[in-house]
């Protein structure tokens, strides 16, 4: 694969990772708002539960988002470690071409 395609693939992977991070945070916040509004309507409280569940949604969104990012970082590091021995082996073979 050419270096340009490799760089483009890495950039697209990073874009996907960060868009997933944003989606995780936003979805947690929205779920907190929906639950809080629903419970406010049932118990007839004046937006107290909405604020509480909004804060819980923000906290869980940030927690889950960073947990996701850390798992992706581990994935990238293991992929890089797996590629390095192959790259050094390929370089050694190219240096030894034509030599007996």
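Listing for the model above:
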{"quantity": "Matching residues, region 1-46, being more than 28 Å from residue 71 (Cβ to Cβ) and touching a helix residue (DSSP H, G or I) at 6+ places or on another chain (Cβ under 6 Å)", "calculated": "36, 37, 39, 40"}
{"quantity": "Options 42, 31, 26; residue that is part of a helix (DSSP H, G or I) and surrounded by 14 or more Cβ atoms within 10 Å (Cβ to Cβ)", "calculated": "31"}
{"quantity": "Residue 53 under 26 Å from residue 31 (Cβ atoms), out of contact with any strand residue (DSSP E or B) (no Cβ under 8 Å at 6 or more places or on another chain), at pLDDT 95 or above and surrounded by 14 or more Cβ atoms within 10 Å (Cβ to Cβ)", "calculated": "yes"}
{"quantity": "Cross-chain or 6+ apart pairs with Cβ under 9 Å, region 34-59 first and on the phi > 0 side of the Ramachandran plot, then at pLDDT 95 or above", "calculated": "47/36; 47/37; 47/40"}
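The values are calculated or read from the model by the stated rules, or taken from the named source; none is laboratory data. Note that the structure is predicted; figures quoted are calculated from it, not measured. Here Cβ is always computed from backbone atoms with ideal geometry, including for glycine, and neighbour counts include all displayed protein chains.
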